[in-house]
Each structure stands twice: as C-alpha cells, then as structure tokens.
1. Within segment 348-385, how many residues turn out to be modelled with pLDDT under 85, charged (D, E, K, R) and either in a loop (DSSP other than H, G, I, E, B) or within 17 Å of HIS315 (Cα to Cα) (or both)?
2. Of the conditions (1) out of contact with any Phe, Trp or Tyr (no Cβ under 7 Å at 6 or more places or on another chain); (2) open to solvent by less than 40 Å² (accessible area, probe 1.4 Å); (3) under 20 Å from ARG230 (Cα atoms), THR293 clears all except one; give me its number.
3. Which residue, of ILE405, ILE412, is at pLDDT 85 or above, of a type in the set (Val, Ile, Thr), in contact with a Gly (Cβ under 9 Å, 6 or more places away or on another chain) and under 19 Å from ARG331 (Cβ atoms)?
4. Restricting attention to segment 479-504, which residues are under 14 Å from GLU449 (Cβ atoms), open to solvent by 100 Å² or more (accessible area, probe 1.4 Å) and not charged (D, E, K, R)?
5. Looking at segment 237-259, I want the residues that are more than 17 Å from ASP221 (Cβ to Cβ) and of a type in the set (D, E, K, R) and have a partner that is open to solvent by 40 Å² or more (accessible area, probe 1.4 Å) and modelled with pLDDT under 85 with Cβ atoms under 7 Å, at least 6 apart or on another chain. Which pairs are those?
6. Every residue in segment 343-363 that is closer than 22 Å to LYS393 by Cβ, buried (at least 24 other Cβ atoms within 10 Å of the Cβ) and within 19 Å of the chain's Cα centre (by Cα), please.
7. Based on what the data block shows, is SER277 more than 28 Å from ALA465 (Cβ to Cβ), open to solvent by 20 Å² or more (accessible area, probe 1.4 Å) and over 27 Å from the mean Cα position of the chain (by Cα)?
Amino acid sequence: MPDLILYIVVASVVALTAGVVIGRYLLIQFFKKHEEDSKEKSKLILKEAQLQAETTKKDKILEAKEHFLKLKSEFEEDSNKKKNLIIQNEQKIKQREQTVSKQLETNQRREAELDSMRENLSAQLEILNKRKEETEKVRLSQVAKLEKIANLTGEEAKAQLLEAIKEEAKTEASSYIKGITDEAKLTATKEAKKIVLETLQRTATEHAIENCVSIFNIESDDIKGKIIGREGRNIRALEAATGVEIIVDDTPEAIIISGFDPVRREVARLSLHRLVSDGRIHPARIEEIVAKTFKHIDDEIIEIGERTVIDLGIHGLHPELIKMVGRMRFRSSYGQNLLQHSREVANLCATMASELGLNAKVAKRAGLLHDIGKVSPDEPELPHAILGMELAKKYKESPEVCNAIGAHHDEIEMTSMISPIVQICDAVSGARPGARREVMESYIKRLKELEALALSFDGVTKCYAIQAGRELRIMVDADSVNDEKAGMLSFEISKKIETEMQYPGQIKVTVIREMRAINYAK
C-alpha cells in the first residue's frame, strides 16, 4: 500500500513535470508565432505607410507645381499688363510731343502776325494823334468865336446849361415820385387787405364764448341723493374742497357745477366722476379724491402744453413755458378761451409772415406766447404784456419774440417786423363776431379781487366766491382762530368789502371753522 501511494505520487510529479514542460513548450511556440505575426503586421503597416508617404509626396509635388504654374501665369499676366501700360504711356507721350510741337509752330506764327499788327497800329496811332491835334485847334477856334458872339466864357455857359438841366430834372423827378407814391399807396392798401383776408380764410376757427357753468351728466337721479349725502354733508364737503357751487335741481340726469374758475370747475367735474364711478361718497373720500384730481390736473396741464407745441411745430420751448401754455387751457380772456385764442394768433402770425416773406416760425412762436403773462403764477402788478416779455427773457427766448410779446399792446416800442404782425393778429382773433365778451372779464376780475381781499386777513386758509359773487365762503385755521374771532373776522371782512369794493346787491360772508382730531390705530 505504501508503495502504491509512492508510485502514485511519483507518477503525479512526473506527469506534472511533463505537463509543465509541454505547457512551457506550447507557450513558447505560441509567443514565437505571435511575434512572427506581429512582425508581419509591422512590415505591412510600414509598407502601407511608405506607400501613403509616397502618394502624399507626389500630391504635394503636384500641388507645388500647380501653385508655381499659377504664380507664373499671374506674373506673366501682370507683366503683360505693365508692358501694355508702358506702351500706352509712350504713345500718349509721343502724341503730346506732337501736340506741343504743333502749338509751338502756331505760337510762332501768331507772334509773327502780332508783330506785323503792332507795326500797323503804331502807324495808325501816329495818324490819329495828328488828326487829334488838328481837331483840338479847330475846337479852340470855334469856342473863341462863340465866346465872342455870346459875350460869355465857356465855364459860364456850362454853369447855365447845368442849372437849366437840374431844374428840368427836379420837376420831372417830383412828378414821377408823386405818381409812384400814389400807385404804391393804392397797391399797398389792396395787398394788405388781400393778405389779411387770405390769412383769415386760411385760419378760420370756432369762436365760442366760455361760460361759468359745467354740466355733469349722471345715469339716474338716484345718484343725486348720494352726492348730497345725509343732511347735505357730502355736497358741502365737495363745495368746500373745490370752491365751486354744486346745483342739484330738477334737471333730469344732470348736475350743474358753477364757478368762475375753469380749473376748479374741471376738478369738481372729474372728482364727481371718480366718486360716482367708485360708489363710495363721504367727506373723507371726497377730500382724498379732490387732492388726487388737483395733481391730475397739474399733469394734464403739462400734457396739454406739450401737445400744443407739437401740433404747432414749435421746438426748443422751455418746460416752464410749456406748462404755462397748458395752463392757458383753463384761463379765459374776455370770455374767449386763452389757449384757443393763442393758437389762433400763432397760426394767423405764421400765415401773415409767410405772405410778407418773414420768418414764419418766429412769428408763430411769438403768437403762441404773446399772452403768456396772463397765466403767470406770481401775478405781480404789471401789464400782462410786460410780464410776458420778462418771462420770455427769463427762459431765453429770442429778442424778436420778446419784443413782439411786450409790444403787442404798445407798452414798449416795436423793434422788429414780427411785432406789428402779432399785434394785428391778436386784434383780428379778438375782433371776430362773438369771440369775446367784455362783461365776463370784469366779472371774473371782481370775483378774484373779492377772494384776494378775504385772503389778506390773518388766519384765512382758503376762500371761495360762489353764487356769482353773492356769497363768500372762508375757511380759517382752527388753531389760530377761535369761535369768537371767527365771528369778528366775518364782520371785519364784510366791512372791508363795503368800503373797498363796488358790487350789486349784497354779499354773504360765511366763515367756516372746523376742528379735527386725527389718530391712527396701529
């Protein structure tokens, strides 16, 4: 048994050794074969690389040859062009040489002709000089004979002849001047009428008189009760905030807003529209809406001014002047809307200046700004023409425009041709039938003076003239004016109105004192 195990172990060792030897032999053979295959593949790759290199080399050589041939052809072409250009230049030079040679021959021939002409002229001059001497001798002998016959010297005769010619020329000139003057007067009158008529025809506009009421239309009469409020508190708050009179009468679906100031009427109308649209109508809401509407009107004034200058084609106007132009929309002059009047004057001035051959743009600018002094925020004691001129100078307008503004009511002397045109067009615009109403201006002036008188007292914060000036509503500061002083203030204002103003009927002076305590819960 031990022998068998030993035999098996030996056999296993021998078999293992034989397997290792055979495996090693086979592995060596496999590596040799793989090495031979790799060498074959390397040879093939090397051969292919050589073939590809040869091909690439041939292609590059061909490309180089083609490029060389192309450069050679371009060079030859360029050389041929230069040769042709040189040949052409040589031909031109030869032609010029031939032309110069011909000109030289012509000049030489002309010089010869001039020499011969010069000799002939010298001979003719000698003959003329001789004849001149003979003529002078004859003239002197004739003058001596005439002086002997007339008993006058030559100078005396010349003076008498000149005097006679002068008198005759004066007579003819005066009659000629008189005829031209008469004809010019007739023509000038006719032309002036023609220009004015054509200007009016080309600038015809509406001329509606502004009144002192605005109509606010409502959908149903039920809204009137909301606007009036409990015991009339809403309508009183609206009148106190806007300074107008709200008339809620039997007129169906309409409320009348009365007031002499167009801005206040517009604020009241817009505030009513917002309140009715919103539905919430009470004193606090009314004051809030009126404050917002005043701001909205300020923005609208700027928009109106910008739109006006754009429509008229006026450029480079100062922003403050544009704002004043927009403010004209809410100002009237003798019942005529000031902005409409100024636009009309601007168009009239431009048309008339064009007809007369003057600068139409400057004329239009002066026409638009001629009444700018009427809407000055300061309103000092100056005529509106002088005030407008000062404003125009302040905002760097041209001297022609400034003079036209200041001279359109003859406050200053006119220094340019634009000034009389502005004056004429202002008169033409205001003289249209129905365009103006004298009573309106004096009425508005009286109401403004009435408000200004009340505002001059201490403690007065707001003052509104309503009911066509028959009532004066005055709001005072509750901290500085107590109840007793309010009664005294009403009496003093009424007495001052009696002594300083002229008015029909009687004026009711109402002093309103209101104390408010406001706190916020946070």
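1. The qualifying residues number 3.
2. (3)
3. On the way: ILE412 fails: under 19 Å from ARG331 (Cβ atoms).
Matching residue, one of ILE405, ILE412: ILE405.
4. THR499, GLN502
5. Listed pairs, sorted by first residue: GLU245/GLN467.
6. As a first pass, look at segment 343-363 and keep what is closer than 22 Å to LYS393 by Cβ: 345-346, 349, 353, 358-359, 361-363.
Okay, now just the ones that are also buried (at least 24 other Cβ atoms within 10 Å of the Cβ), so 345-346, 349, 353, 363.
VAL345, ALA346, CYS349, ALA363, listed by residue number.
7. On the way: more than 28 Å from ALA465 (Cβ to Cβ): yes; open to solvent by 20 Å² or more (accessible area, probe 1.4 Å): yes; over 27 Å from the mean Cα position of the chain (by Cα): yes.
When the stated conditions are applied, SER277 passes them.
To keep it simple, each residue is scored yes or no on (1) modelled with pLDDT of 90 or more; (2) over 11 Å from the mean Cα position of the chain (by Cα); (3) closer than 22 Å to ILE444 by Cβ.
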residue: GLU300; (1), (2), (3): no, yes, yes
residue: ASP311; (1), (2), (3): no, no, no
residue: GLY316; (1), (2), (3): no, no, no
residue: PRO319; (1), (2), (3): no, yes, no
residue: ARG327; (1), (2), (3): no, yes, yes
residue: ARG331; (1), (2), (3): no, yes, yes
residue: TYR334; (1), (2), (3): no, yes, yes
residue: LEU338; (1), (2), (3): no, yes, yes
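The values are calculated or read from the model by the stated rules, or taken from the named source; none is laboratory data. Since the model is a prediction, treat every value here as computed from it, not as a measurement. Virtual Cβ from ideal backbone geometry, glycine too; neighbours counted across all protein chains shown. Note: accessible area is taken over every heavy atom of the protein model, side chains too, but ligands, DNA and RNA are not part of it. Shrake-Rupley method; radii C 1.70, N 1.55, O 1.52, S 1.80 Å.
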